[in-house]
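Novice: I'd like to ask some things about the structure below.
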Amino acid sequence: MNTAAAERALLSQAGAGLVEIADRLWIARRDAPVSYPADAHLSLAQIEERSFWFAHRNAIINATLARFAPAGPIVDIGGGNGFVSWGLARRGHCSIVVEPGEDAARTAHRRGLTVVQAPFDRMLFRQASLAALGLFDVVEHIADDHSFLADCLEVLAPRGLIYITVPASRWLWSSDDAYAGHQRRYTRASLRNVVTRAGFDVQLVSYFFSLLVPPVFVLRTLPSLLGLRQVTTPQEAVGHHGADGRLARLAMRAFVFERAAIRRGAWLPFGTSLVAVGKKRAT
């Protein structure tokens, strides 16, 4: 069975009330508010493929999956333009994007991905029907992160895996976070705590983007504290993601040590982001 057929079979069996309106494009007929700027995805789509930030986050995610492999397709909740799922597919992983925003969902679909245009809750999929979930810079947008992760637990099969990335270090909060609709930034301890309380056995929690801590503090956090930086447009919000060319290549080489550490199951002590893996208990 090819990838598209396998993904269609999964959504047909596991989905609750999903309707396929075009090849590899599904919808669920309900809506919900989303804590994310409506036009930000369009700005991100213009820079994702040339940005060192998105490239390194994908590399960290792939390194994590190399260590903690899923037993089936990954359902990428809040998958945006599908850049993470696109990267996973290029590494041979089966990944389905679930995204409530119409523009982002259609961008992901144009990238050749299977997409469900819908907000996630535990009624979207049948109980214990999925092998793996991805929440890549999603949980920080959720007001009640514990309940959201508990809903994720409900739809995962026993021993199913959840992969998470979030912004890290509360003291790095800036106007960028406020504009993006973030509810919080996490520490290693707070992320481990909420994942554990939701019912998962934590397999890994590590910081990454360690070399970005000084520039993020100097260029974003400190100016925000002093009232000198107030993000009001998508272009301002995503500008720090967009370094390309020689700088991007240098940044990727500089971050090689992080990818190697994650791949061997180690964890890093500081950074501007966190990655975590949780496993649903067998009983």
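The values are calculated or read from the model by the stated rules, or taken from the named source; none is laboratory data. Everything quoted here is computed from the prediction, not taken from an experiment. Cβ placement follows ideal geometry from the backbone for every residue including glycine, while neighbour counts extend to all protein chains displayed. With ligands, DNA and RNA removed, areas are computed over all heavy atoms of the protein, side chains included. Shrake-Rupley method; radii C 1.70, N 1.55, O 1.52, S 1.80 Å.
Novice: For region 136-240, state the semi-axes of the equivalent ellipsoid (square roots of 5 times the eigenvalues of the alpha-carbon gyration tensor), sorted largest first and rounded to whole angstrom.
Specialist: The three semi-axes for region 136-240 are 29, 14, 11 Å.
Novice: So, one more: Amide H neighbours of T114 under 5 Å, counting only residues 5+ apart in sequence or on other chains, H built in-plane at 1.01 Å?
Specialist: V97
Novice: Continuing with this model, one more query. In whole percent, how big is the carbon plus sulfur part of the accessible area of the chain, probe 1.4 Å, protein atoms only?
Specialist: Reported share for carbon and sulfur atoms: 54 percent.
Novice: Scan around L268 for amide H atoms under 5 Å from its own, H built in the peptide plane at 1.01 Å from N, and keep only partners 5 or more places away or cross-chain.
Specialist: Those lying under 5 Å, H to H, from L268 are Y207.
Novice: Residue-wise, which Karplus ³J(HN,Hα) couplings in Hz belong to region 197-206, taking 6.51 cos²θ - 1.76 cosθ + 1.60, θ = phi - 60°, and x for glycine or proline?
Specialist: After applying 6.51 cos²θ - 1.76 cosθ + 1.60, I find 4, 6, x, 9, 8, 6, 9, 7, 9, 9 Hz.
Novice: So, in Å, what gap is there between the alpha-carbon centers of region 81-153 and region 166-181?
Specialist: After rounding, the separation between the Cα centres reads 22 Å.
Novice: Which of the trypsin sites (Lys or Arg not before Pro) found in region 53-100 are loop residues per DSSP with 16 or fewer other Cβ atoms within 10 Å of their Cβ?
Specialist: Hits after loop and neighbour filter: R91.
Novice: Something else now. Report the charge-dipole magnitude of the chain in Debye, nearest 20, computed about the Cα centre from +1 at each Lys and Arg Cβ and -1 at each Asp and Glu Cβ.
Specialist: With only Lys, Arg, Asp and Glu charged at Cβ, the dipole is about 1080 debye.
Novice: Roughly what angle does helix 3-14 make with the longest principal axis of the chain, taking Cα atoms, 0 to 90 degrees, to the nearest 10?
Specialist: In the chain, helix 3-14 runs at an angle near 70 degrees to the longest axis.
Novice: Beyond 27 Å, how much of the Cα-Cα pair distribution for the chain remains, as a whole percent?
Specialist: That tail contains 36 percent of the Cα-Cα pairs.
Novice: With unit charges on the beta carbon (Lys/Arg positive, Asp/Glu negative), name the residue among H141, S190, F68 whose Cα is farthest towards the positive pole of the charge dipole of the chain.
Specialist: Going by the Cα projections, it comes out as F68.
Novice: Let me ask something else. Rolling a 1.4 Å sphere over the protein heavy atoms, what is the accessible area per residue of the chain, to the nearest Å²?
Specialist: I get 44 Å² per residue for the chain.
Novice: Continuing with the same structure: How are the Cα pair distances of region 112-170 distributed, in percent, across 5 Å bins from 0?
Specialist: P(r) over region 112-170, rounded to whole percents: 4, 16, 25, 27, 18, 6, 3, 0.
Novice: Another question about this same structure. Short version: ³J(HN,Hα) in whole Hz for each residue of region 188-196, in order, from phi by Karplus 6.51 cos²θ - 1.76 cosθ + 1.60 (θ = phi - 60°), x for Gly and Pro, what are they?
Specialist: Each residue of region 188-196 in turn: 4, 5, 5, 5, 4, 5, 5, 5, 5 Hz.
Novice: Farthest toward the dipole's positive end in the chain, which of F209, A157, A254, given Cβ charges of +1 (Lys, Arg) and -1 (Asp, Glu) about the Cα centre?
Specialist: Checking the options against the dipole of the chain, the answer is A254.
Novice: Moving to a separate point now. In the full protein assembly as shown, how much of S273 is accessible to a 1.4 Å probe, in Å² to the nearest 10?
Specialist: 10
Novice: Something else now. Sorting check: for 133-141, 167-175, which peptide has the highest mean count of neighbouring beta carbons within 10 Å, and how do the rest follow?
Specialist: Top of the packing list down: 133-141, 167-175.
Novice: Rounded to whole Å and sorted largest first, what semi-axes of the equivalent ellipsoid does the C-alpha gyration tensor of region 45-87 yield via the square root of 5 times each eigenvalue?
Specialist: 20, 14, 6
Novice: While we're here: Give the dimensionless ratio obtained when the Cα radius of gyration of region 35-144 is divided by 2.2 N^0.38 Å.
Specialist: Normalised Cα radius of gyration, region 35-144: 1.02.
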